[in-house]
Amino acid sequence: MMGKCRRRSLMEFPILLVHILCLLLFPQPLLSGHNNFVRQPAGQLIITPHQRSHSDPQQVHISLVGKEKMRVSWITEEKHAESVVEYGTESGEYSEKSTGEHTSYRYFLYNSGKIHNVVIGPLKPGTTYFYRCGGSGPEFSLKTPPPNFPLEFVVVGDLGQTEWTASTLKHVESREYDVALLPGDLSYADSQQPLWDSFGRLVEPYASKRPWMVTEGNHEIEIFPIIYPQPFQAYNARWPMPFQHSASTSNLYYSFQLVATHVIMLGSYTDFHAQSQQYNWLQSDLANIDRVKTPWVIVLLHAPWYNTNEAHQGEGESMRQAMEHLLYDARVDLVFAGHVHAYERFTRIYDNKFDSCGPMYVTIGDGGNREGLALMFKNPPSPLSLYREPSFGHGRLRIVNETHAHWSWHRNNDTDAVVADGVWIESLSSSKACSKQDAPNEEL
């Protein structure tokens, strides 16, 4: 036993060196924006250790792929482990088997484990499946989204891995939902690669049960001049999204369709000007939506276009100026953002004015990040900002039918998730007035 402990300590020593090196090289997050605002202290950082064998799967999470399939992603320390998933509708009985791909990456002294990605399906909607990764290790279970409304999304941004994160995840798990949407800033590794592994282990009990659909934030950039000039290396390797299925050429922006709802994930930290690939893709993606068959359109991005908090003022403005008219013309219903570590819900807006045919904007960067909350809001408050509060929590969008949905924000309150804000929403596709350009205006 003592020999095993000594060998394990020797194996973990290089990881400790990586931690120390990254802390010296990256004392502050790269490109994290301005920090001249007051934050409430966050909860203590949680480091989630690896407690399985080298060949067993860890950091298991699932994501949607097309209409009837899912991607299962996991990591093994054992380089010879197979990229295979066995699955079925009965526990311990796996009638189906799929084989996939694997990758890995290196960042300074850190070498990732073997990152496996296997697409399974076709799967039946509203069905629980049991699955096993790599032919060994624990059994996991997942539930596929329903075939029809109602459909419930959990929306949580700037999650991190703190005590507040753990509280948020427990509150999310306390009630059923179908898909989680994350508008960026996942692990807060900030180039400290072992923190990516810790984050994957922390969220595995949740992300292995329901699809997690994500987009990138500034904390995923992780560049180092000359040596690692390409951003998002760890993010792209660990959290592949189904961008090819929406004709996107980048994992940083994509869309997917689910139960008459079209969800668009945009990239705040890749080119978005009128001649960019992302702009042209978005224009085409919106143009191909049939609003008769798809009454709901939702957009997620990281840096908010509307924001009355003192934190990160104006950081999403250039993207708003470039792309807002596309969303407005397509009658997008809601836009969710993170980045600002507080909650804020706006009315429907277009071009800094109230517009009943514009999207409803929500900032929800309050998942539990290690930097604390952004406490200071601008005063006097804007008439366009209907609710704002610097507290940790998560949101839920329950789409009831083709015309109505309910949005609620759940504040973390120690043992309970308190519903602090809520509103009913009517889809713009069902509004006769929004086929015209005669909505009233009120400036921000």
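Within this structure, E344 fails the test of being touching a residue at least 12 places away in the same chain (Cβ under 8 Å), surrounded by 20 or more Cβ atoms within 10 Å (Cβ to Cβ) and part of a helix (DSSP H, G or I). Residues in the stretch 208-240 that are in a loop (DSSP other than H, G, I, E, B) and of a type in the set (S, T, N, Q): 3 in all. Scanning the stretch 256-284 for residues that are assigned to a strand (DSSP E or B), open to solvent by less than 10 Å² (accessible area, probe 1.4 Å) and of a type outside the set (A, V, I, L, M, F, W, C) gives a single hit, T261.
Inside the stretch 303-338, residues that are without any contact (Cβ under 8 Å) to a residue 60 or more places away in the chain, aromatic (F, W, Y) and not in a loop (DSSP other than H, G, I, E, B) make up a count of 1. Just checking, does the stretch 306-316 include any residue being over 18 Å from the mean Cα position of the chain (by Cα) and under 21 Å from M70 (Cα atoms)? Within the stretch 306-316, not a single residue is over 18 Å from the mean Cα position of the chain (by Cα) and under 21 Å from M70 (Cα atoms).
When the residues of the stretch 285-302 are filtered to those that are more than 21 Å from Y387 (Cα to Cα) and assigned to a loop (DSSP other than H, G, I, E, B), the one that is farthest from the chain's Cα centre (by Cα) is V292.
The number of residues in the stretch 377-401 that are touching a strand residue (DSSP E or B) at 6+ places or on another chain (Cβ under 6 Å) and not β-branched (V, I, T) comes to 16. A single member of Y228, Y235, Y206 is on the phi < 0 side of the Ramachandran plot, open to solvent by less than 10 Å² (accessible area, probe 1.4 Å) and aromatic (F, W, Y), and it is Y235. Among the criteria (1) of a type in the set (S, T, Y); (2) farther than 19 Å from F140 by Cα; (3) open to solvent by less than 10 Å² (accessible area, probe 1.4 Å); (4) in contact with a strand residue (DSSP E or B) (Cβ under 7 Å, 6 or more places away or on another chain), the one S167 does not fulfil is (3). In a helix (DSSP H, G or I), β-branched (V, I, T) and not assigned by the TED database to the domain that holds K67: is that true of V172 in this structure? Yes; evaluated as a whole, the condition is true for this residue. Cβ-Cβ distances below 6 Å connect the following pairs, each with a first residue in the stretch 214-234 that is in the same structural domain as L252 (by the TED database), a second residue that is polar (S, T, N, Q), and a separation of six or more residues or different chains: N218/S32; E222/S191.
Do we have S55 as more than 21 Å from the chain's Cα centre (by Cα), small (G, A, S) and at pLDDT 90 or above here?
Yes, satisfied.
Regarding F149, is this residue outside the structural domain of Q59 (by the TED database), open to solvent by 30 Å² or more (accessible area, probe 1.4 Å) and more than 16 Å from P57 (Cβ to Cβ)? Against the criterion (outside the structural domain of Q59 (by the TED database), open to solvent by 30 Å² or more (accessible area, probe 1.4 Å) and more than 16 Å from P57 (Cβ to Cβ)), F149 qualifies. Here N352, N369, N401, N379 are screened, and the one residue that is of a type in the set (S, T, N, Q) and crowded, with 21+ Cβ neighbours inside 10 Å is N369.
Considering Y110, Y105, the condition of being over 22 Å from M241 (Cα atoms) and open to solvent by less than 30 Å² (accessible area, probe 1.4 Å) is satisfied by Y110 alone.
Restricting attention to the stretch 285-314 and to residues that are open to solvent by 60 Å² or more (accessible area, probe 1.4 Å) and out of contact with any Leu (no Cβ under 9 Å at 6 or more places or on another chain), the residue that is farthest from L252 (Cα to Cα) turns out to be V292. Look through L142, L123, L181 and report the one residue that is open to solvent by less than 20 Å² (accessible area, probe 1.4 Å), touching a strand residue (DSSP E or B) at 6+ places or on another chain (Cβ under 8 Å), at pLDDT 95 or above and assigned to a loop (DSSP other than H, G, I, E, B). It is L123.
The values are calculated or read from the model by the stated rules, or taken from the named source; none is laboratory data. Since this is a predicted model, take the numbers as computed values, not measurements. No Cβ is skipped: glycine too gets one built from the backbone with ideal geometry, and neighbour counts run over all protein chains shown. Ligands, DNA and RNA are excluded from the accessible area calculation, which covers all protein heavy atoms including side chains. Shrake-Rupley method; radii C 1.70, N 1.55, O 1.52, S 1.80 Å.
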